[in-house]
Amino acid sequence: MASAFGSLTVIVNPHAGKRRVGAEIPELERTLQARGLPYELKPTQAPGDATRFAREALENGARYVVAVGGDGTVHEVVNGMMDEGKPVASDAVLGVVAAGSGCDFVRTFGLPGDVTRSCQHLLGDNTYPLDIGMLTYTDGAGEPATRYFPNVAEAGLGAAVAARAERLPPSLGRAKYFAAFWLTLPRFGLADVRLRADRRSYEGPAFMIIVGNCQYYGGAMKISPRSYPGDGVLDVLVFTGPKSDAFTMLPKVYRGEHVPHPHIKEFRVKEALTIEAERPLPLEADGEILGFTPATFEVVPQAIRMKL
């Protein structure tokens, strides 16, 4: 057996990336077989399937769970591997095969963005102790909810942009985010917020609050360049405005050169970040639209072993 962690539970969303992930499944299986990796393929059909498949696999004794696709698939799989603020199985291993339209999560680790080369990283026994963010928020029905995120979460403008992008035609591809950004920015007003990050606080205007465990989001934007996902810390960036900063900052964000900046407050959180605002601000994590503030962010240090 070529796998150091037993048979792989390979969870794949064939509809992701404008169905490009589904088109790459035959190549995925050929590569796994060529490398002698035993696996069970679990295609998803509906939202939540990847979370359920990951949870069931771990409860049935599997320990090597592989997410195939983009950030949304990784997000769902991680939520199946976490429960009540801790991992479902402390010895579980997460593998990621980037497929379809891309995966920002793997960029922090320098992992390849294609199926064939990604599968090579499923071999061997080297792992990385991965922190996981935990977000408690208010869902659309006004009820408290909890979600876990391995990459980046945010409140405010970015979440509103992500929600707008979901309503745009899939044919726009990566241009959806840019179109949504310019459609959303003029209508999105600054909000007065109250933040507490461990023993530090901020009260004042903001249009976006980034909570980074990893560094990249939004299609290769290096939004949280100081984040290291095994240091037990969440990095928080509060964009205080004016909104016109968005025009000048956007090119710098791709290079991670937007910080330090006089209009960005930076915090490092080991315990908890709480966000309250004069109006409910939208929230997203790993590109998934969730709910609204008030919200609390916490870090679960080194919760999951990630295969490198």
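No lab work stands behind these numbers, since they all come straight from the coordinates. Just so you know, these numbers come straight off a predicted model, no measurement behind them. Glycine gets a Cβ as well: all are built from the backbone with ideal geometry, and neighbour counts include every protein chain shown.
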So if I place +1 on the C-beta of Lys and Arg and -1 on the C-beta of Asp and Glu, and nothing else carries charge, what would the dipole magnitude of segment 8-125 be about its Cα centre? I want it in debye, nearest 20.
300
Segment 1-132, relative contact order in percent, only Cα pairs under 8 angstrom and at least six apart counted:
30
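Using the crude model of +1 on Lys and Arg Cβ and -1 on Asp and Glu Cβ, and no other charge, please compute the dipole size for the chain relative to its Cα centre, in debye to 20.
The calculated dipole for the chain is roughly 800 debye.
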Entries of Lys222/Lys270; Lys176/Lys243; Lys42/Lys252 with Cα pairs more than 32 Å apart:
Lys42/Lys252
One finds, for Ser90 and Ala2 with R0 = 30 angstrom and r their Cβ-Cβ distance, a FRET efficiency to the nearest 0.05 of 0.80
What is the log10 of I(q)/I(0) for segment 140-209, computed with the Debye formula using one identical point scatterer on each Cα and no solvent, at q = 0.27 Å⁻¹?
-1.18
At q = 0.18 Å⁻¹, what is the base-10 log of I(q)/I(0) for segment 1-148 according to the Debye formula with one equal point scatterer per Cα and no solvent? Please give it to two decimals.
-1.06
Contact order normalised by length for the chain, with contacts defined as Cα pairs under 8 Å and 6 or more residues apart; what percent is it?
21
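Neighbour counts of other C-beta atoms within 10 Å: give me Ser90, Ser3 arranged from fewest to most.
Listing Ser90, Ser3 from fewest to most nearby Cβ atoms yields Ser90, Ser3.
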Please compute the contact order of segment 125-277 in relative form: average sequence separation of alpha-carbon pairs under 8 Å and at least six residues apart, divided by the residue count, as a percent.
23
Given charges at Cβ of Lys, Arg, Asp, Glu: segment 151-308 dipole, positive-most of Gln302, Pro229, Leu190
Pro229
With label points set 7 Å from each Cα along the Cα-to-Cβ direction at Glu203 and Met249, the distance between them in nm comes to 2.3
Can you figure out the FRET efficiency of Asp114 with Glu143, using R₀ = 45 Å and their beta-carbon distance, to the nearest 0.05?
0.65
Under a point-charge model restricted to the Cβ atoms of Lys and Arg (+1) and Asp and Glu (-1), what is the dipole moment magnitude of segment 107-246 relative to its Cα centre, in debye to the nearest 20?
420
If unit charges are put on Cβ atoms (+1 for Lys and Arg, -1 for Asp and Glu) and the dipole of segment 1-160 is taken about its Cα centre, the option from Thr138, Pro47, Asn126 lying farthest towards the positive end turns out to be Asn126
³J(HN,Hα) computed for each position of segment 140-148 - Karplus, 6.51 cos²θ - 1.76 cosθ + 1.60, integer Hz, glycine/proline x:
x, 8, x, 9, x, 8, 10, 9, 9
With only helices counted (DSSP H, runs n ≥ 4, each -39500 (n - 2.57)), the per-residue ellipticity at 222 nm for the chain, to the nearest 500, works out to -6500 deg cm²/dmol
Determine, for each peptide in 252-261, 278-287, the mean count of other beta carbons within 10 angstrom over its residues, then list the peptides with the highest first.
278-287, 252-261
Taking a ≥ b ≥ c as the square roots of the eigenvalues of the Cα gyration tensor, with a/c under 1.5 meaning rounded and otherwise prolate when a/b exceeds b/c and oblate if not, segment 132-301 is rounded
Viscosity 0.692 mPa s, temperature 37 °C: what is the translational diffusion coefficient of the chain from Stokes-Einstein with a Kirkwood Rh over Cα pairs, rounded to a whole number of µm²/s?
168
Given Cβ charges of +1 for Lys and Arg and -1 for Asp and Glu, the option among Ala2, Ser201, Thr248 whose Cα lies farthest towards the positive end of the dipole of the chain is Thr248
Taking Rh as the Kirkwood radius computed over alpha-carbon pairs of segment 1-74 and applying Stokes-Einstein at 10 °C with viscosity 1.306 mPa s, one gets a diffusion coefficient in µm² s⁻¹ of 126
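If I stretch the segment between Ser171 and Tyr228 completely, what's the gain in nm (0.36 nm per residue apart, minus their alpha carbon distance), one decimal?
On the way: separation 57, 0.36 × 57 = 20.52 nm, distance 3.38 nm.
My answer for the length gained is 17.1 nm.
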Protection proxy ranking of 108-115, 141-148, 67-74 - average other beta-carbon atoms within 10 Å, highest first:
67-74, 108-115, 141-148
Approximate spin-label separation Ala163-Leu308, in nm, with each point projected 7 Å along Cα-to-Cβ
3.8
